[in-house]
């Protein structure tokens, strides 16, 4: 991304010193942000943090009793007499 930005600025005719200076500053900023995230979250922590935000905190409107009853009713209609995992 930084290389592409440098190429676009250079082709637009921006002074070379300004292009290099801007790219160096943005590169250092990017490096420090990535290093800070790595220190805070670890190797896979940031992915886990983002994934945990997309998981709902809970189900609404259903109790375990109602869910079990609905599963049993649907399975009985299909001719299944026991739930998977139970004997």
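Laboratory data are not the source of any read-out in this text; all were calculated from the coordinates shown. For clarity, every value in this text was computed on a predicted model and none was experimentally measured.
Please state the Cα pair-distance histogram of the range 1-59 with 10 angstrom bins from zero: what percent is in each bin? Taking all Cα pairs of the range 1-59, the binned fractions are 20, 29, 22, 19, 8, 2 percent. Between residue 10 and residue 32, full extension at 0.36 nm per residue minus the direct alpha carbon distance yields a gain of 5.4 nm.
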